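One structure is given below, encoded as structure tokens.
Read the figures in this text as sums done on the coordinates, not as results from a lab. None of the values given here were measured: they were computed from a predicted structure. Using ideal geometry, Cβ is built from the backbone for each residue, glycine included, and neighbour counts are taken over all protein chains shown.
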Amino acid sequence: MINPIVIAQARAFARQDGTFLGLLWLVGFLCTVEGAHEPALGLISNIVTLGTPFFVGWRLKKFRDEALDGKISFRRAFFYCFDTFFYATLLMTVLQFLYFKYVNLAGFTSMYLGLFQQVAKAYNMSAAEVKTVVDAFSMMKPLAWAALFMLYELIAGVCLSPIIAAIMKRNFAVIKEDKNEPSEL
């Protein structure tokens, strides 16, 4: 049975944690963009990317233990995780669009094209294929770039949410000891 109070509670925590995840992704994105000039920032970007499922799992654990007394079903955990990714994606899409629109689309596009040209050499792509892809990248507007990354982030959320939910679900309550009361033997 679907309980609207349970959904509202999970959604409220997911909004808050989605905001935190979106800001974490923003740091990773900015480190990626600037990582072309400073390799240490590229490392930070990779750590943020690889740390995303651990961050969501940690926030789910806090939600489970503090709001639900240590008990959460797979369905609720999956709903929470997917909503967290969804809200982080919304925030990140808006921030990326603003970055591409007002800050530095040309710099990002040239960085992306530079990476693509390295890949094209590795795969021995013909000059006509490279020119087609370069023309397509050059024609992309800020909204198209933000939408492209939005799709990647949503796909990551769809793939990671059931895994995180399966690992973090707990169908029994954790008994919390009150440290102020003496324990009985």
Measure nothing fancy, just the Cα-based angle from helix 142-168's long axis to the longest principal axis of the chain, in degrees from 0 to 90, nearest 10.
30
What relative contact order, as a whole-number percentage, does the chain give when Cα pairs under 8 Å and 6 or more residues apart are counted?
32
Return a single number: how many Lys pairs in region 20-171, at a sequence separation of 8 or more or on separate chains, have alpha-carbon atoms below 14 angstrom apart.
7
Need one number: nm distance between label points at Ser110 and Ser126, each 7 Å from Cα along Cα→Cβ, rounded to one decimal.
3.0
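How would you classify region 1-53 from its alpha-carbon gyration tensor, with a ≥ b ≥ c the square roots of the eigenvalues: rounded for a/c under 1.5, else prolate if a/b is greater than b/c, otherwise oblate? Can you show the working numbers first?
On the way: a/c = 6.13, a/b = 3.76, b/c = 1.63.
Cα axes put region 1-53 in the prolate bin.
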Which order do the peptides 94-106, 49-61 take when ranked by the mean count of other beta-carbon atoms within 10 Å per residue, highest first?
49-61, 94-106
Neighbour-count ranking [beta-carbon atoms within 10 angstrom, fewest first] of Val119, Val133
Val119, Val133
Sequence ranges 158-170, 80-92, ranked by mean other-Cβ count within 10 angstrom, highest first
80-92, 158-170
By count of other Cβ within 10 Å, fewest leading, how are Asp135, Asp69 ordered?
Asp135, Asp69
Tell me which label goes with the value of semi-axes √(5λ) of the Cα gyration tensor in Å computed from the coordinates here: [x] 41, 17, 15; [y] 37, 20, 15; [z] 31, 18, 15.
[x]
Give the angle, between 0 and 90 degrees and rounded to the nearest 10, that separates the Cα long axis of helix 74-98 from the longest principal axis of the Cα atoms of the chain.
40
As a check on your grasp of the helix formula, calculate [θ] at 222 nm for the chain: sum -39500 (n - 2.57) over DSSP H runs of n ≥ 4, divide by the residue count, round to the nearest 500.
-26000 deg cm²/dmol
Residue by residue, what Karplus-based ³J(HN,Hα) values in Hz, rounded to whole numbers, does region 18-25 have, using 6.51, -1.76 and 1.60 with θ = phi - 60° and x for Gly and Pro?
x, 5, 4, 5, x, 5, 5, 5
